[in-house]
1. Has the stretch 373-386 got any residue that is part of a helix (DSSP H, G or I) and among the polar types (S, T, N, Q)?
2. Hey, does the stretch 102-109 have a residue that's among the aromatic types (F, W, Y) and under 17 Å from the mean Cα position of the chain (by Cα)?
3. Say whether the condition of being under 32 Å from the mean Cα position of the chain (by Cα), of a type in the set (K, R) and either under 20 Å from H337 (Cα atoms) or in a helix (DSSP H, G or I) (or both) is met by at least one residue in the stretch 207-218.
4. If I ask for residues that are assigned to a loop (DSSP other than H, G, I, E, B) and in contact (Cβ under 8 Å) with a residue 40 or more places away in the chain, which ones from the stretch 22-38 would you list?
5. Starting from residues that are of a type in the set (S, T, Y) and crowded, with 22+ Cβ neighbours inside 10 Å, keep the ones in the stretch 130-150 and report whichever is farthest from the ligand (Cβ to nearest atom).
6. Within the stretch 332-358, which residues are within 16 Å of the ligand (Cβ to nearest atom) and among the polar types (S, T, N, Q)?
7. With the checklist (1) within 15 Å of the ligand (Cβ to nearest atom); (2) modelled with pLDDT of 95 or more; (3) surrounded by fewer than 19 Cβ atoms within 10 Å (Cβ to Cβ) in hand, flag the one item M361 doesn't pass.
8. So M154 fits all but one of (1) within 17 Å of the chain's Cα centre (by Cα); (2) surrounded by 19 or more Cβ atoms within 10 Å (Cβ to Cβ); (3) among the hydrophobic types (A, V, I, L, M, F, W, C); what number is the exception?
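The values are calculated or read from the model by the stated rules, or taken from the named source; none is laboratory data. Here the structure is a predicted model, which means the values were calculated and not measured. Virtual Cβ from ideal backbone geometry, glycine too; neighbours counted across all protein chains shown.
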Amino acid sequence: MNKKLIDVLEQLIAIPTVSDMSNLELIDFIENFIDGLGGEIHRVYNEQKDKANLVCYFGPDEEGGLILSGHTDTVPAEKDKWIHSPFKLSSGKDDRGRNVYFGRGVADMKTFLAQVLVVVKNFDLSRLKKPLVLVFTYDEEVGCIGIRTALEYMKNLDRKRPAHALIGEPTNFEVLVAHKGHSQMKVRIKGVKGHSSRVDEGVNAIAWGGRVMSLINNLQEKHRKNIRHEDTFTGYPFNTINIGTINGGKSINIIPDECSIEIGYRTLPGDDTDFIFKEIKNEIDSKLLDDIKKENPSADIVCELHEQVPPMFTEDGSEFEKNLREITGENKRLAAHYTTEAGFICQNKINCLISGPGSIMNAHKADEYISEDDVIKGIDIINKLVSRMCT
Ligand SMILES: [Zn+2]
């Protein structure tokens with residue numbers, strides 16, 4: 001089976017699926033690979049029809065069951081920074097002398113996809129008493145886009161909702177039970193332009209931006225004291241806010257009439273993803289808006305809420321978690337420091353766990369690699385999990 005697995009992984013790596021490219025060749029390959037196994041295969045296209053999710057149901061339409069979920073896209077590979085070829089699987093050693101495989105996506109997350117495919121191909125699918133569902137998505141790396149259309153599509157099928165989902169992001173098979181939500185917002189300050197010699201005739205948008213940032217810093221300090229989920233979110237068990245970019249100003253002698261500040265914030269499970277947006281907007285509206293309008297009625301401060309990825313949280317003690325912990329031997333209830341598609345999946349009342357081969361430390365880097373041990377280990381883990389959850 002290991003030889004077969006390496007063959008499949010080789011193919012998956014050889015088809016580049018950087019998020020700005022089509023993933024249809026990869027979807028074709030996967031569809032061909034599972035063709036004839038008796039699964040009900042669905043393709044869920046994006047609007048431009050150049051990318052697709054693959055959703056495939058095996059087994060009867062019963063309560064319970066398991067989703068095995070992974071994204072097909074990868075981050076780009078800057079070839080000049082790689083020693084190895086990013087789109088040709090190669091083997092070698094890491095700095096600890098372990099056997100490893102190199103290639104863009106080996107950790108994040110094509111090895112998991114290959115493992116799932118090989119397990120499914122070799123599994124006696126007639127044993128399934130509960131559904132086994134593959135959900136392979138597009139555009140995860142650029143904001144978890146594909147999973148949203150996949151879930152919407154699955155909701156409209158005349159099928160029972162699967163109860164559990166394993167998201168095979170690289171965790172070295174540690175079992176992650178949570179992550180924060182991540183939202184993006186922008187504050188636009190509209191000032192009034194003027195010559196810098198006549199300071200009272202303009203409204204300096206950047207200076208007002210400074211006041212906005214000061215409010216945000218105060219909010220961060222408030223949140224720092226509101227500690228929750230301390231055992232799971234070790235290090236930062238509170239909501240965090242990051243002022244990510246600031247733009248404004250054209251010249252040293254012109255009073256700037258525009259300033260925009262982009263903010264990303266991460267919220268603990270239990271808080272709505274628009275919660276901090278509302279807080280920041282409230283603070284600005286109540287503390288700054290009247291004053292800027294007094295300087296000039298045409299001045300303004302506007303808050304916009306952009307992307308929101310929901311948090312993920314799985315209650316302690318589920319059968320699914322117990323099974324996965326027994327199989328992997330991993331007993332700590334940990335949180336991911338990043339967001340995943342699990343945020344969207346668990347919003348649909350599907351019990352999620354994140355666990356997969358490879359290390360997140362190697363993902364998104366030049367010469368991305370995965371240990372041979374993790375490549376082989378996954379087959380057994382997925383096999384056992386499917387047996388326990390679906391037969
Ligand atoms: Zn990933």
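1. Step one: list which residues in the stretch 373-386 are part of a helix (DSSP H, G or I), which gives 373-386.
Now drop any that are not among the polar types (S, T, N, Q), which leaves 383.
Yes, the stretch 373-386 contains at least one residue that is part of a helix (DSSP H, G or I) and among the polar types (S, T, N, Q).
2. Taking the stretch 102-109 and keeping what is among the aromatic types (F, W, Y), we get 102.
Adding the requirement that they be under 17 Å from the mean Cα position of the chain (by Cα) leaves none.
For the stretch 102-109, residues among the aromatic types (F, W, Y) and under 17 Å from the mean Cα position of the chain (by Cα): absent.
3. Taking the stretch 207-218 and keeping what is under 32 Å from the mean Cα position of the chain (by Cα), we get 209-210, 212-218.
Still in the running and of a type in the set (K, R): none.
No, there is no match, as no residue in the stretch 207-218 is under 32 Å from the mean Cα position of the chain (by Cα), of a type in the set (K, R) and either under 20 Å from H337 (Cα atoms) or in a helix (DSSP H, G or I) (or both).
4. Once the filter is applied, which keeps residues that are assigned to a loop (DSSP other than H, G, I, E, B) and in contact (Cβ under 8 Å) with a residue 40 or more places away in the chain, the stretch 22-38 yields N23, L37, G38.
5. Of all residues in the stretch 130-150, those of a type in the set (S, T, Y) come to 137-138, 149.
From what is left, the residues that are crowded, with 22+ Cβ neighbours inside 10 Å are 137-138.
On the way: T137: 10, Y138: 12 Å.
Among those residues, the one meeting the criterion is Y138.
6. Hits for the stretch 332-358 are T339, T340, S355.
7. (2)
8. Among (1) within 17 Å of the chain's Cα centre (by Cα); (2) surrounded by 19 or more Cβ atoms within 10 Å (Cβ to Cβ); (3) among the hydrophobic types (A, V, I, L, M, F, W, C), M154 violates only (1).
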